[in-house]
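One structure below.
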Amino acid sequence: MPAPLIEPPPSPWRLPDPRQAPAGMDLIALGADLSPSTVLAAYRLGLFPMHLDTGELAWWSPDPRGILRLDDLRVSRSLRASVRRFTITVDQCFTQVMRECADERRDRGWITDEFIDTYSSLHEMGWAHSIEAWTADGELAGGLYGIELGGVFAGESMFHRVRDASKVALVRLVETMRAAGGERLIDVQWCTDHLASLGAVEIPRDGYLSMIAGAQRTPGCLRAAAAS
């Protein structure tokens, strides 16, 4: 049986409702903190944190918003072949996956040590999860991490050391969520060309906020997957 979710104490900050932001404005607020309680409250509203280049902590809710509907995932023939090359696990090395995603050699790195500390705490509380892809030799080849709120998986970042490893982790994430049933989606924040090639699309922010309001009532599935 998976451990129960641990609810952090209430955040002292009152975060703004992104529904009140002007259409097309991605940046919603500045300030507050990166405590687990504040970050979790933000995700529930449809916000996520990322620092500005100035160092200020910013809270974002893109309009349009990138999402991946589970039935829309595109698995090419070559990716399907790659699936057989890796062993996939859930929550086996969460902090290591975050550190790989934060590799300073990657362009526009934004995952600071403070982010790693906060999300690792949320992982210990049962809210943050990682999917790992391993080679046949037992080496970590790639993975992804994010926050699960009921049927919403808010994907934060992914990495690969071996070609297709992060995509294979995404395939397993989608398969796990699809098998659990219910109203579910993956939030990808901004829809890049890479994510669009995998089936992600853009939708208006108001539509996204309505979708997550319903999907958050669906029971999560990744803690059970990690425990199995």
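Derivation of every value follows stated rules applied to the coordinates shown; laboratory data play no part. Quick caveat, the model's predicted, so the values are computed rather than measured. As a convention, Cβ positions derive from the backbone with ideal geometry for all residues, glycine included, and neighbour counts pool all protein chains shown.
A few notes on this one:
- Gyration tensor verdict on segment 21-63 (Cα atoms; rounded if a/c is under 1.5, prolate if a/b is larger than b/c, oblate otherwise): oblate
- Placed amide H near HIS51: partners under 5 Å, 5+ positions off or other chain: ALA58
- Annotation: the residues ASP63, ASP26, sorted from fewest to most other C-beta atoms within 10 Å of their own C-beta, follow the order ASP26, ASP63.
- In terms of surrounding Cβ atoms within a 10 Å radius of their Cβ, HIS194, HIS129 rank from fewest to most as HIS194, HIS129.
- Short-range pairs are left out: with C-alpha atoms under 8 Å and at least six residues apart, the relative contact order of the chain is 25 percent.
- Cut-off 13 Å between beta-carbons: net charge of the residues surrounding VAL97, Lys and Arg +1, Asp and Glu -1: -3
- Using every pair of distinct Cα positions in segment 1-88, the Kirkwood expression returns a hydrodynamic radius of 16.1 angstrom.
- Ranking of SER121, SER197, SER61 by count of other Cβ atoms within 10 Å, fewest first: SER197, SER121, SER61
- Dividing the summed helix terms, -39500 (n - 2.57) for each DSSP H run of n ≥ 4, by the number of residues in the chain produces a 222 nm estimate of -9500 deg cm²/dmol to the nearest 500.
- Calculated diffusion of segment 66-227, Stokes-Einstein form, Kirkwood radius summed over Cα pairs, 10 °C and 1.306 mPa s, µm²/s: 100
- Segment 174-228: C-alpha gyration tensor shape, a/c 1.5 cut-off, then a/b vs b/c: oblate
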